[in-house]
Structure formats: structure tokens, C-alpha cells
Amino acid sequence: MVEMQSKQHAMYVATTDNIIVGSHVWVEDPVLAWIDGEVLRINDEEVHVHTTNGKTVVASISKVFPKDTEAPPGGVDDMTKLSYLHEPGVLHNLAARYELNEIYTYTGNILIAINPFQRLPHLYDTHMMEQYKGAAFGELSPHVFAVADVAYRQMINEGKSNSILVSGESGAGKTETTKMLMRYLAYMGGRSGVEGRTVEQQVLESNPVLEAFGNAKTVRNNNSSRFGKFVEIQFDKNGRISGAAIRTYLLERSRVCQVSDPERNYHCFYLLCAAPPEERAQYKLGNPKSFHYLNQTNCYELDGVNDAEEYLATRRAMDIVGISEEEQEAIFRVVAAILHLGNIEFAKGEEIDSSVIKDEKSRFHLNMTAELLQCDAKSLEDALIQRVMVTPEEIITRTLDPLSAVVSRDALAKTIYSRLFDWLVDKINNSIGQDPNSKSLIGVLDIYGFESFKFNR
Ligand SMILES: Nc1ncnc2c1ncn2[C@@H]1O[C@H](COP(=O)(O)OP(=O)(O)OP(=O)(O)O)[C@@H](O)[C@H]1O
């Protein structure tokens, strides 16, 4: 990082010095980000540029960057080969490669991946993995398999554990990249002919389960992971995968109760509302539009996704990762309970700052929540409309006004959901199994993208 900064600084100095009338340069463009052109005139700090789209732009000299006219049209596979390592140079290089479906580019030993937004199966098949196996870094075209291969080889040759950090903004392709890294590591360290499911299969197969509960549609990504994930793959002394652990961080709890257009709540809620009729009847679920936690937004369906089919696929994935039928039923009972909980409304009680369950409809949802959570309905009601404070001297019970009761209802929903998620992760980890004797591991950290919100909740 330090090296990168000093290079940029060196470039900047070179930039201002190099720009003369007739120079080929990059200037900012409101639509294209950067556009190239030729310097017509320089007045002190002001540079007049004739751009390739036929306009004349005046920009400050500090915002004008030299263009390498000798750069290969198809770009270079390692950004350190660029003559100018400034923003337009880097973006132009990535764009030129992207045009040719080259989604990967190195910057030294960092890999930059650009989301192709289309399946490129030939990039990830077994033949490709075979090519990268043992190849020196940089010898072949940049690829996510090359990064995984270096991590694996270093671990084998030097006995060093390694971690690969996958970062980028939401929708950039971190989760897909993580899956490819795992697939390669499974290919290198997998065991063949082992009876039953292997560790690596289980790790890969745990994805659909985690995604059903931890992913949601956002503005930028229909399947956005709303949690950070660190997958630790343990290896034995022969370099074979011997265990794995998934650690999750920072599940976005607020989404359970607050969703804004055009986003959705977590997938599992919609999947359950699309379950076979007998299951919906069992949980007293209907159209997602009838639930407060889902109807704050107008988005209920995802293009090209059938929630009914996804529900069945999630149940199958749960079978695969070793979640029993009984446990699956309990999981979905909790999901249904949260939907009913969100529909409990409160009205002002007789006493000041107190509340009561609003009407018969709310009472029905309260009873359903209690039934599904297998708790006493009266205790649940008290927990929602009262606050209990424990002091060294006494236990004080205070009533809550309707607004505070809503806050306490939502807090309960968020807590139940995040505990359910943690429980699922534990369950998956127990079923995959850890290797206490493992000497080395490769970790892959996929931490969700930053976003800029109007309001930060
Ligand atoms: N290498 C790839 N090949 C094909 N499609 C891809 C690839 N990378 C990303 N995509 C597409 O882009 C979508 C978004 O990618 P992904 O979910 O991995 O983003 P993300 O960075 O993990 O986002 P978030 O932080 O919101 O979870 C994927 O659902 C997939 O359709």
C-alpha cells in the first residue's frame, strides 16, 4: 500500500511536468469518468483540451493526466507494467481488458476482478484448474485460481497458513470470487473416493443455506450477502482438507424490521411464504403483502427466481449439510414467528404511558407467535408491553407506551433472527467438523461491500 502511494505521488509530479501543448491527456468527463484528448493551450493552471468526442474542455492542470499513447490497445495484464499508474490509466486498462472479456488483472500480487455479469463457464472448469495447478504466479493470464494456487503452494512448501482477503463494493462479485477460491482449494486438497460427503463438498453446499438466511435483494445486488464471512479451511500434513469452519460477522439486523423500496427482506421470509400449501397453513402464512416486515417495500419477487422452487432447494441444501427434518421444521417455525410478531400492533392503555394489544387481529398474531415459539402468550405480551429493570434493591416493572412497545417488538424480532442465524452457522460447523490437529489453514475473508445510505440506521 505504501509503495502504491509513493508511486502515485511520483506520477503526479511527473504529470504536471509532462503536460505541454500537443500532449495526449485524460480529463474528467461527467458521463465517461475520463476522456482522452489533446492539449490545445495552457494558461497558467488552466489546460484547454480537445477531447476525442469533439469537445473542448478546460480543466485545472492538477486534474489533467498524461496518456500513454504507446499502451497496447488490449491493455496490460499487470497494472505495474503501466507507464502511468493514475486513476484514468488504471480504469482505461481495466476497461480495455473487460471489452475482451478479460475480467482479471493483476496489480503486482493483488488480483483485481471485474464482475462480468454473465456466466463464463470456460473460465472455471476443471481444465482451467489443471492449468493453474503449480504454475508460477504471473506465468498465465491473471486468474482467481492463481491466487488460490499461491496460497496453497506456500502452505505446502513453507508450512505457512495464509489468508485471502476479498473486498470490494456491494455487487462487485466477492461472494462469487470466494466460491471460486473454495472450489480451487477443494480441487487441490480434496480427497477422492471418500465415502459420504467430503468436507469441501459440505462447505460449498452450506452456501445456499447461508444465503437463504443471510442474503437479500438490495438496490445493487439481487443476492447481496448482508453478513461478513471468514471461511477457514484446515489441512492435514499431506495438504488434504481435514476440516473447515465458517465464521460470520455483522449480520445486518435492521433489515428484519425495516426494508425500503426497491429492496427485500432476507430471502427466507419469501421462500416460506411460497412453501407448499400444507406448510403455509401450518404456520398460518399467506401472501407476503400481509406482513408488516415485508410490505414496507413494493418488491416481493425477484426476476428469474421462483421462491417456491428456492424453498424446496433450501430444504434439500439443509438435508445435505446435516440439518434434520425436525430441526428444519423448528427453523421455519421461528421464521414464521418473526413474521407474525411484526404484525402485532399496540394501542394506548388506560394508564398513562401504557399500551395494550390493539385488536383481535393483533391478538391472533400474538397467539400465533407464542404458539410457534412454544412460549406462553401472556408472558410474550408482558415482555412486549412492559420493561423490567433489575436494580440491586428491587425489580422494577414499567409499562411502555405504544411506540416503545413497537421498538421492543422489533428488538425482539432482530434478536431472534440473529440468534437463529448464529445457530445455523454453528449447526453447519458441527456437521462439517473441525480438525483439532490441523497445522495449517487457508482463510478466505469475504466481507460485505460498503454502501452509502441516506440514513444510517
Ligand atoms: N465471476 C463471475 N462470473 C459470473 N457472474 C458473476 C461473477 N462475479 C459476480 N457475478 C454476478 O454478480 C452478482 C453479484 O455478485 P456477488 O453476490 O458475488 O457480489 P458481492 O460483492 O458478494 O456483493 P454483496 O457485498 O452485495 O454481497 C452474482 O449474483 C453474479 O450474478
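Values in this text are rule-based calculations from the coordinates and carry no lab data. These figures come from a predicted structure and were not determined experimentally. Cβ sites come from the backbone with ideal geometry, for glycine too, and all protein chains shown count toward neighbours.
Across all Cα pairs in segment 200-324, the calculated P(r) in 10 Å bins from zero up to the longest distance comes to 12, 38, 32, 13, 4, 1 percent per bin. Each listed q (0.06 Å⁻¹) maps to a log10 I(q)/I(0) for the chain, found by the Debye formula over equal Cα scatterers with no solvent: -0.39. Packing, as the average of other Cβ atoms within 10 Å across residues, places the peptides 264-274, 57-67 in the order 264-274, 57-67, highest first.
Measuring how big segment 363-441 is from its alpha-carbon positions, Rg and Dmax come out at 18.9, 56 Å.
Across segment 438-447, coupling constants 3J(HN,Hα) worked out from phi with the 6.51/-1.76/1.60 Karplus curve, θ = phi - 60°, read 5, 9, 9, 8, 10, x, 10, 9, 10, 10 Hz, and Gly and Pro carry x. Report summary: the helix-based calculation at 222 nm, which adds -39500 (n - 2.57) for every DSSP H run with n ≥ 4 and divides by the residues of the chain, gives -13000 deg cm²/dmol. Given the pairs K174/K217; K179/K414; K179/K427; K217/K289; K378/K414, which are separated by over 18 angstrom at their Cα positions? Cα-Cα > 18 Å for K179/K414; K179/K427; K378/K414; rest within.
Size estimate for segment 79-228 follows the Kirkwood approach: the inverse of mean 1/r over distinct Cα pairs works out to 17.1 Å.
Straight-line cross-link reach from K237 at under 16 Å between alpha-carbon atoms covers these lysines, not counting any fewer than eight positions away in the same chain: K160, K439. Taking Cα centroids, how far is segment 140-194 from segment 261-312 in Å? Between the Cα centre of segment 140-194 and that of segment 261-312, the gap is 35 Å. The value of relative contact order for the chain, using C-alpha pairs under 8 Å at least six residues apart, is 15 percent.
Residues whose amide H lies under 5 Å from that of R226, counting only those 5 or more places away or on a different chain, are N215, A216; hydrogens are built 1.01 Å from N in the peptide plane. For D29, the residues whose modelled amide H falls within less than 5 Å of its own, excluding neighbours fewer than 5 places apart on the same chain, are W34, I35.
With respect to the chain, whose longest principal axis is taken over its alpha-carbon atoms, helix 360-373 is tilted by about 80°. Sorted ascending by nearby beta carbons within 10 Å, beginning with the fewest, T80, T391, T397 become T391, T397, T80. Using only the C-alpha atoms, the convex hull of segment 134-219 corresponds to 123 Å³ per residue. Amide H to amide H, with H built 1.01 Å from N, T107 comes under 5 Å of M79, I112, counting only residues 5 or more places away or on other chains.
For the chain, the longest principal axis of the alpha carbon atoms and the long axis of helix 402-432 meet at an angle near 70°.
The angle between the Cα long axis of helix 325-342 and the longest principal axis of the Cα atoms of the chain comes to about 90 degrees, rounded to the nearest 10. Only lysines eight or more places from K67 in sequence, or on another chain, were considered; those with a Cα closer than 25 Å are K7, K55, K81.
Kirkwood radius for segment 343-404, taken over all pairs of different Cα atoms as the inverse mean of 1/r, rounds to 12.3 Å.
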